[in-house]
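*Asks:* Sharing a structure, written as structure tokens. Questions coming.
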Amino acid sequence: MDQPFTDRIESADVAKMPAEYQELLRRVLAIQADCEIGGPHLYVRSVMPAAPSRVDQLIIGRTAAEEADHYRKVARLAGEVGLDLSYILSRANRERYVNAFRGTITSWEEFAVFGFLIDRVGRYQLEEFQGCSYAPLDRILPDIIVEELAHIEYGQNKTAEFAAKGGESKEKIQHVVDVWYPKALDMFGSSRSRRSERYRFWGLKRRTNAEARTEYIREVNPRIEAMGLRVPDPNARREFL
């Protein structure tokens, strides 16, 4: 295997890089931007009016605004390398890159679990870019990750509240976890992905898809169990293994 790429690249250097690097960089920026704006498209219109309190409505609004700002930051980086991502703003949910963003969230329970499970995957995705070869991407991460951690914490706390109520509430939140857990695992992609290896070669990601997914499972499974919920079968209803 060739020696992995370890240089740090600025936007002015991208045009000098091999075509594969340019293609992978633009792809990773497009997917990240799509995921950032994809969340608000899932829940704002359907869930925000039904939030249990005004405080919860404000939190949804703040979360959506932060995700939109994350999109703006990534789209700006894409623009610096000649990639216009404005079309993503009006893209239909069914056309999103990642399956978890292709539907609609219609219940408060789903919004909670989305924050608990899916935003946590988002944190893993962002961590892949820490210290990456594309310096402008690395530089925008600290503030974004801090905000994502708040989204995760809120979703986790709300999920735990539903579980703690027991009875029908616990059954309903268990069902939602069962639905979203495989979607979360699929977000890491195929364990046999060749593109994943090329991302790592070019210093655009740190872990293989399988490594990141395994770390996620080790982190999230005990949290599910601590809520008194059942961890779903990690191989059931999966698109990518």
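The values are calculated or read from the model by the stated rules, or taken from the named source; none is laboratory data. Predicted, not measured: the structure shown is a model, and the values here were computed from it. Here the Cβ is made from the backbone with ideal geometry for all residues, glycine too, and neighbour counts use every protein chain on show. In case anyone asks, the SASA skips ligands and DNA or RNA and just uses the protein heavy atoms, side chains included. Shrake-Rupley method; radii C 1.70, N 1.55, O 1.52, S 1.80 Å.
*Asks:* With respect to the numbered conditions (1) of a type outside the set (A, V, I, L, M, F, W, C); (2) touching a Lys or Arg at 6+ places or on another chain (Cβ under 8 Å); (3) open to solvent by less than 30 Å² (accessible area, probe 1.4 Å), which one is the sole condition not fulfilled by N99?
*Replies:* (3)
*Asks:* From L89, L83, which residue is of a type outside the set (S, T, N, Q), open to solvent by 80 Å² or more (accessible area, probe 1.4 Å) and touching a helix residue (DSSP H, G or I) at 6+ places or on another chain (Cβ under 7 Å)?
*Replies:* So the residue among L89, L83 that is of a type outside the set (S, T, N, Q), open to solvent by 80 Å² or more (accessible area, probe 1.4 Å) and touching a helix residue (DSSP H, G or I) at 6+ places or on another chain (Cβ under 7 Å) is L89.
*Asks:* Here's another thing I want to ask about it. May I ask you to say which residue of E168, E161, E153 is open to solvent by 50 Å² or more (accessible area, probe 1.4 Å), within 18 Å of the chain's Cα centre (by Cα) and over 30 Å from M17 (Cα atoms)?
*Replies:* Being open to solvent by 50 Å² or more (accessible area, probe 1.4 Å), within 18 Å of the chain's Cα centre (by Cα) and over 30 Å from M17 (Cα atoms) holds for just one of E168, E161, E153, which is E153.
*Asks:* Can you name every residue in the range 152-182 that is touching a Gly at 6+ places or on another chain (Cβ under 9 Å) and of a type in the set (D, E, K, R)?
*Replies:* E153, K158, K170
*Asks:* Taking the residues in the range 185-204 that are part of a loop (DSSP other than H, G, I, E, B) and modelled with pLDDT under 95 as candidates, determine which candidate is most open to solvent (accessible area, probe 1.4 Å).
*Replies:* Top of the filtered list is R192.
*Asks:* Here is a further query. So which residues in the range 1-34 are open to solvent by 30 Å² or more (accessible area, probe 1.4 Å), within 27 Å of A100 (Cα to Cα) and of a type in the set (V, I, T), if there are any at all?
*Replies:* Selection gives I31 alone.
*Asks:* Can you find, within the range 60-91, the residue that is nearest to the chain's Cα centre (by Cα) among those that are among the hydrophobic types (A, V, I, L, M, F, W, C) and more than 11 Å from D34 (Cα to Cα)?
*Replies:* Step one: of the range 60-91, the residues among the hydrophobic types (A, V, I, L, M, F, W, C) are 60, 64-65, 68, 74-75, 77-78, 81, 83, 85, 88-89.
Applying the additional criterion that residues be more than 11 Å from D34 (Cα to Cα) yields 60, 64-65, 77-78, 81, 83.
Values: I60: 17, A64: 14, A65: 16, L77: 18, A78: 18, V81: 23, L83: 21 Å.
Across the range 60-91, the extreme among qualifying residues is A64.
*Asks:* So the check is Cβ under 7 Å with 6+ separation or different chains; which pairs have a first residue in the range 224-241 that's over 13 Å from D178 (Cα atoms) and of a type in the set (F, W, Y) and a second one that's modelled with pLDDT under 95 and part of a loop (DSSP other than H, G, I, E, B)?
*Replies:* F240/G189; F240/S190
*Asks:* Let me ask something additional. Can you tell me which residue is farthest from the chain's Cα centre (by Cα) among those in the range 205-223 that are open to solvent by 30 Å² or more (accessible area, probe 1.4 Å) and in contact (Cβ under 8 Å) with a residue 24 or more places away in the chain?
*Replies:* Among residues in the range 205-223 that are open to solvent by 30 Å² or more (accessible area, probe 1.4 Å) and in contact (Cβ under 8 Å) with a residue 24 or more places away in the chain, the one farthest from the chain's Cα centre (by Cα) is R223.
*Asks:* Looking at G61, is it buried (at least 16 other Cβ atoms within 10 Å of the Cβ) and within 30 Å of F162 (Cα to Cα)? Don't jump to the end; show me each part of the working.
*Replies:* On the way: buried (at least 16 other Cβ atoms within 10 Å of the Cβ): no; within 30 Å of F162 (Cα to Cα): yes.
No, not satisfied.
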